[in-house]
Each structure stands twice: as C-alpha cells, then as structure tokens.
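The next block holds one structure in the form of structure tokens; read it before the comments.
The values are calculated or read from the model by the stated rules, or taken from the named source; none is laboratory data. This one's a predicted model, so the numbers in the text were calculated from it and none came from an experiment. Ideal geometry is used to build each Cβ from the backbone, glycine not excepted, and the neighbour counts take in all protein chains shown.
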C-alpha cells in the first residue's frame, strides 16, 4: 500500500514538473508571439490611419471631381435589382420595393 | 565413593519477549512525510479538478485591466472600423537652462536644427534659468539631431497626441482632451476613464460616409439660407443608434483651439429650442394612445383665432377649413385643431405622454453637453400652446427620440452613440398602445405626398418619406422675434420606419435665387416663397435623403 502511495506521489511530482515545463515553453512562445504582434499592430494602426485619411469621403469626393467627373453616373435606386439564389434558381427582385403611393 | 548425581532439568523455555519494531525517531519522521505527501496529494487532486473545470469553460473575455496606463488613450472608431481618433506618441523637447554647459554653443547648434524659431525669446528663457518647452511634437529626424548634441540640459518628454483624420466631421461628438490626457468635452470627457484603461478601440454607432454627406448638405444650405447654424440627427428608430449627428458651425479638432464662441454650441444636443408644429405629432399620438380619437374623427366649427389669458392663438393660414378630421389637422398643421385635441387629452395625460417619450426633462446621453428643457408651469393656457408646440422647449435629440418611439410601434428606445450600448426595441418596454404608430405613420406619409401637406419637397422617390414640419419664432428676452427655428422631423420608409432624420435650421432667411425642383412633374419654383420649414428644412432633408439613401439601402439592407 505504502509503495503504491509512494509511486503515485512520485508520478504526480513527475507529471507536475513535466506539465509545468511544457506550460513554461508555451508561455515563452505566447510571449514571443505577442511581442512580435505588438509592432505589427502598431504598423497596422498607422497604415489604417493613412488608409482612412486617403479614403475619407472628403478625399474620395475630391478624386471623383478630379478624375471621374464624367465617368460616374447616378443611378435611380428603384431601378437597381438584386439577385436571390434559392433552390439553385436565381430570382430577380427590386432592391427597394416600390410603395403603393409611388406606383 | 562419593556418588554425586547431577540432575539436569530441562524445562521448556517460556519467554515473554515478542519482537516489535522499535518506535524510533525514524518512524515518526516517516509518518510526518507521509502526511505531508497526503496533503500534497489532496491539493494536487483539487488543483487537477479545478484545471479540468476551467478547461471545460468557454473562453471568457479577458478582464480589463483597471490600471491607468501612462501616455495611453484608446482609439475611437466608427461603426465600420474607420478611425475617428488615433493616439500617436509624440516627443516634446524641453530645456533646463541651469544644466547648460555652453549657452552660445547650444544656441548655434539649435539654430542649425530649428532655423525658424525666435532665438531672442529663447535667449531670454536661458537667462531666466527656469525649465521651458523648446519645441512640441518634433519629428524623428529632428529628435535624433537634437539628442546627438549630447547636452544634458535637453530633456525629451514623450507625450500622447490625438490625431483626427476626419477633421471637423465629428468635432461636437468626440470632443477634446487637455495636455494632461484628460477628456474635456464630448465622448472624450464622458468616457475618460474607460479610454484610459481599455485595450480595445471604442466603437461608435456613427457612419463616417453618411456624416460627411449630411454635413456637406447642411453647409451648402447654411450658405443658401444664410442661417446662423443648423443641425441634423439620423437615428435608427428600432434601437436608438445614432448613425449621424451634425451641428454647424463646427471646428477642426486637429487645430486644438479653445472654443469660447457660443455660436459653436452643439445644436443637436445642447441647444434648447421651441420647435413649433413638430409637437403636433405628439399631441395626436397621445390622443390615439388614450383612444380618444381616430384618424377620421371630425372637429367641427374650428375658430380662426382663440384667446387664452390675453394670448392669441391663430392659424398660420387663413384658408384653413373650419371642419377638419384629426388626420387633416396634422396634414394641414392646424393650430386650433391641435389645441382642441390637447384639451380633449387633458393636462395630466398630455404631460405624462411627453415625459414617457422623453421629450420633457434632461435626457440621459453619452455626452455631457445636453440641454435642459425650460421647466413648464402647466395650466390651461400652457396645455393649449404646448399642444401645437409653442411655449414648450426641448432639444433636437429629444425630438428624434420622440419621433422614433411614436413611429417604431411604441417601444421605448435610448439614443446612443456607443455600439455596445445598443438595445433593440424588442428588449425594451412597449410604452405606447398597439396601432398608434401605424396611424401616425400613415398621416406622416400624407404630409409629404398630399398637396395640402407641408413637406412635398421631401418626397424622394424610393424611400417613402413621411414627416412633420415645424416653424417656430425665436423668443429673445421674453418676446417673440421674426427669427425662426425651422425643423423637419422625417421617418422613412414610413410603412415600416427604420430611420428618423431630424433637420433644424437656426435663423434661416429666404433666398430669391434658389430654384426648387419638385420630384414629380411640377414646374420648378425660383426663390423661397415663405420662411417656413416647408421651404427650408424640408428641402435640406430631401437633398440629404437623396444622397444618403443609397448607402442606407445597400449597406444596411441585411441588418
């Protein structure tokens, strides 16, 4: 009986140390990944800020006037259709349903 | 012969001795160690069970650190993840004159790096022997140059700088911070602590593209109608999420100016105004809610003018028929008819209705810059004037909230600009009876489509706009002036409203050159015939819906 207890205790100690060791390795890896992510996050933030500025509505309106003044045309939204796929069949529907008083 | 006999008696040896392990110190120590290991075993089992239990739990959101980080402030983004504010680190350079080794040499070196500075002033600062800020937000190149001088007197100081890529667009909403990283207005102030500790960006409900388009139209029409200012709010009627909130004039947050001019007040939340006839919708909704009238209930022999305590109440239009149904009263914006309905409701019920839909009292909102509606001493005359929107004040935000509630099926909503605070109407209490919204929505639509209605200019094809106009004279020093507050509260699509758009113009003037284009076959009109909401705010709202409609219809179609 005592031997069994000794063996169990020994195994537990061994298992604990093994688990702790592997956990430590994992923690190290997580730490390294996090440290690597940090500058990437900062870089992403800066790039996104630049993108947000360059694609801001103010800039886009400016570009539209500058480059596409005649190329972009306004479409009546009631004429836009949407495609609905159902049971391998495609149904064409209005994007905005016309109301009774508009027909 | 001595015959001696030695007798040997053999007896069975009986000894009481039995073998026992001696109870030595060694034995005691063994028990102790076994006991310790036993405790260890128990602890290990408990720990293992705990580990297994934790492992079976779903991943929870990491608890937010409550430690305020130095030089840190979370970013603010819009509903599409676009930056509204981004924090960046910047370096300020200070100089401690006591520690300067060679003043002349340092001055020459500084002149080489920063040739455009006023060095006479700097020399004076050197002589004062007090620490001073030499240059704020220096570039990385200049930082390297100045630090390579190796002078101990040069002290770099890392600082937090907020960058606003959208410039003026959200100035009234997000507000500003001071030099010590403390919010002093807007979201920056009311979410100051959260922004200092949270690791994630604060997500707002606003949409940058829509905000831009609304602001552009408001600026354009501010010029056309020479208005003192204007404001607009676009709100989701089903959850109170504010998609856009604009107040003109605004300011560029990147310039970090201290705004003291009262003209820059947030007209959407802080400005308290009499909004006039937009209140009639509430009067009629209250009557529907109390089951006192139906849309076709007739009010006969309506006078052209009534008097209350010496105060004359008259129709704005002499052509107003004397017999009108409830529906016609709202469509034609009848003052006397509204008074009659208000009297039918009674002071207490009307007041309770207005309170219920959030029009009276201070609104609980995400920013602290909210106006306090003027307290009312209710009485017969006050009830009469309040029923057509005079002598009663509130904020534009509260008008938007009220219109959202009366059109969304009667569910309470809380206006918010914070994405995580959104609560859908179905999780809220229903505060109005079933059917009230349906009746109101039908009438609001007729105000835009009928010729007798006051909002024909907002009949944008495809969006089924409904709404009510309000033209109110501004009271200055206790007297009504000729200056006006022109408002249009729109809901669309009116069959099942999704959005409320309220547009307000502060002191607009008529424009004799502006051409009004109707959206049907009617001939265009040159010049503003009357300085009313129907010819100012409705036109602005129509143009806004025309521009933002495609975004709302396509971007939010699945939501």
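As a summary of the residue check, residue B:480 satisfies the conditions (1) touching a strand residue (DSSP E or B) at 6+ places or on another chain (Cβ under 9 Å); (2) crowded, with 16+ Cβ neighbours inside 10 Å except for the one numbered (2).
Residue A:85 passes every criterion in (1) farther than 25 Å from residue B:212 by Cα; (2) in a helix (DSSP H, G or I) apart from (2). In segment B:130-156, the residue that is nearest to the other protein chains (Cβ to nearest Cβ) out of those that are more than 18 Å from residue B:116 (Cβ to Cβ) and loosely packed, with under 12 Cβ neighbours inside 10 Å is B:140. Restricting attention to segment B:98-117, the residues being without any contact (Cβ under 8 Å) to a residue 12 or more places away in the chain and under 21 Å from residue B:143 (Cβ atoms) number 6. Of the residues in segment B:434-441, at least one is more than 14 Å from chain A (Cβ to nearest Cβ), assigned to a loop (DSSP other than H, G, I, E, B) and surrounded by fewer than 23 Cβ atoms within 10 Å (Cβ to Cβ).
Going through (1) away from chain A (no Cβ under 14 Å); (2) closer than 18 Å to residue B:367 by Cβ; (3) modelled with pLDDT under 95 one by one, residue B:179 falls short only on (2).
The residues of segment B:393-416 that are farther than 17 Å from residue B:491 by Cα and crowded, with 24+ Cβ neighbours inside 10 Å, listed by number, are B:394, B:395. Checking B:337, B:358 one by one, the residue that is crowded, with 16+ Cβ neighbours inside 10 Å and in contact with a strand residue (DSSP E or B) (Cβ under 6 Å, 6 or more places away or on another chain) is B:337 and no other. Of everything listed in (1) under 18 Å from residue B:500 (Cβ atoms); (2) within 14 Å of chain A (Cβ to nearest Cβ), the single unmet condition for residue B:212 is (1).
Take the conditions under 22 Å from residue B:485 (Cα atoms), more than 14 Å from chain A (Cβ to nearest Cβ) and not in a loop (DSSP other than H, G, I, E, B) and apply them to residue B:223. Does it pass? Criteria met by residue B:223. The sole residue among A:59, A:79, A:41 that is within 12 Å of chain B (Cβ to nearest Cβ) and modelled with pLDDT under 85 is A:79. The residues listed here are A:96, A:5; of these, the one that is at pLDDT below 90, farther than 30 Å from residue B:519 by Cβ, facing chain B (nearest Cβ under 8 Å) and out of contact with any strand residue (DSSP E or B) (no Cβ under 6 Å at 6 or more places or on another chain) is A:5. Checked against (1) closer than 30 Å to residue B:217 by Cβ; (2) part of a helix (DSSP H, G or I); (3) away from chain B (no Cβ under 14 Å), residue A:52 meets all criteria but (3). For residues in segment B:75-96 being assigned to a strand (DSSP E or B) and within 17 Å of the chain's Cα centre (by Cα), which is farthest from residue B:139 (Cα to Cα)? Going through the qualifying residues, I end up with B:77.
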